[in-house]
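The structure appears below as structure tokens.
What follows is calculated from the coordinates using simple rules that are stated; it is not laboratory data. The structure displayed is predicted, hence computed values, not measured ones. Heads up, the Cβs are rebuilt from the backbone with ideal geometry, glycines too, and the neighbour counts pull from every protein chain shown.
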Amino acid sequence: MELVSKTIKKHNFFAGPAILPASVLEAAKEAVKDFSGMGLSILEISHRSKEFVAVMDEAFNSTRELLNLSDDYEVLFLTGGASSQFFMSAMNLLPQDGKVGYVNTGTWSTKAIKEAKQFGTVEEIASSKDKNFSYIPKGYNIDEKLAYLHLTSNNTISGTQMHEWPDTKVPFVCDMSSDIFSRPLDIDRYGMIYAGAQKNLGPAGTTLVIIRKDMLGKVKRQIPTMLDYNTHISKASSFNTPPVYPIYVCMLTMRWLKANGGVAGMEVKNKEKAAILYNEIDRNSLFKGAAATEDRSLMNVTFVMNNTDLEDSFMTACTEAGCLGVKGHRSVGGFRASIYNAMPKESVQVLVDVMKDFESKKG
Ligand SMILES: *Cc1c(COP(=O)(O)O)cnc(C)c1O
């Protein structure tokens, strides 16, 4: 398996935009020079050319294949980031006289709730704000009359991830921006999934949206053409010019995913990588995990130092070892190592070695 780039020597732990497979970057570079033997760059061709339509088709088909989507689901590549889905999902799916439930597990959920409230009745049915979002709420009651239940599967900032799902027949609308394609899903439970590409799929600039058809057609409000999912469904995401290059790179990543065991293969590797890092956090006397143990994210590993005075010098040690992007989000402090699908195990090991070495010097 080709994972570690021979030219890029740094270890990329940034949270987003984030690491992409080396082979994807190589192919993406080629396409900027000469795309599909056209003698033109992918940056300067029509989105209606047969060469690019083939890219869109492959991106749609690969999404379907990777997540095992039936014809009940539509796949879209939109713009505006996951942040636009905070309001678009409610605008399209929350009936004026209906009610939806949101589980508040962090900064992103909080923003999603704020936007949804513009369109109807939003119940915040559970929250982990009381402990700075360091855990995933469980065991809350769900009114079966909710039009949907909004979840954030992975909380990029606090480093928590849902490992079990609430027991309900209410369809989930799920922000999977930072763990899309990282593990198999029980897809039937989802009415909608959305993910900004720049965490675990591709470059910034496109957002993957998956919608089950029965979720649509339930609202009566006027929706501007560009914000109506039906517009983009009817035109296969090419109602207007789609983000050609980001979609191309996502398509390449999905090709890589399929060649590397799909989402089941990713899950095995992601568990292995996360275990290497969490084991060291738990073993090392200088560090402790920031998230509740049972809710730890396999994608964003957050940890802090018992002695915060040592944080700056640990950051320096990371940088010197070529481990970049390890600084924690300001709302959590400490450190965050994002170890998405494309992160090689070898890079995780380098970070662990830095932690061990630091302990032997300062511990
Ligand atoms: C990054 C992130 C977002 C915001 O994505 P944008 O594409 O920048 O709008 C939303 N939700 C989650 C879980 C994220 O990690």
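Kindly flag which residue pairs out of Lys29/Lys288; Lys218/Lys269; Lys138/Lys269; Lys29/Lys131; Lys111/Lys138; Lys138/Lys218 have an alpha-carbon separation exceeding 32 Å in this structure.
Lys29/Lys288; Lys218/Lys269; Lys29/Lys131
Placing unit charges on C-beta atoms (Lys and Arg positive, Asp and Glu negative, everything else neutral), compute the dipole magnitude of the chain about its Cα centre in debye, rounded to 20.
420
Mind listing the phi-derived Karplus ³J(HN,Hα) values for the range 192-206, rounded to whole Hz, using 6.51, -1.76 and 1.60 with θ = phi - 60°, and x for any glycine or proline?
7, 10, 9, 7, x, 5, 6, 9, 10, 9, x, x, 5, x, 9
Each residue of the range 210-215 in turn: what ³J(HN,Hα) in whole Hz from Karplus with 6.51, -1.76, 1.60 and θ = phi - 60°, glycine and Pro shown as x?
Each residue's phi maps through the Karplus curve to give 10, 10, 7, 4, 6, 7 Hz.
How big is the antiparallel share of DSSP beta bridges in the chain, given as a percent to the nearest 5?
55
For the chain, which cysteines have no disulfide-compatible partner, meaning no other cysteine Cβ under 4.7 Å?
Within the chain, the cysteines lacking a partner Cβ under 4.7 Å are Cys174, Cys250.
So who's got an amide H within less than 5 Å of the one on Phe287, skipping anything under 5 residues away but keeping other chains? H placed 1.01 Å off N, in plane.
Amide H neighbours of Phe287, under 5 Å, 5+ apart: Asn306.
List the trypsin sites (Lys or Arg not before Pro) in the range 14-99 that DSSP assigns to loop (not H, G, I, E or B) and whose Cβ has at most 12 other Cβ atoms within 10 Å. Which are they?
Answer by residue number: Arg48.
If you find the alpha carbon centre of the range 22-83 and of the range 238-281, how far apart are they in angstrom?
15
Enumerate the calculated ³J(HN,Hα) couplings along the range 275-285 in order (Karplus 6.51 cos²θ - 1.76 cosθ + 1.60, θ = phi - 60°), each rounded to whole Hz, writing x wherever the residue is Gly or Pro.
Calculated HN-Hα couplings, in order: 4, 4, 6, 5, 4, 6, 4, 6, 7, 6, 5 Hz.
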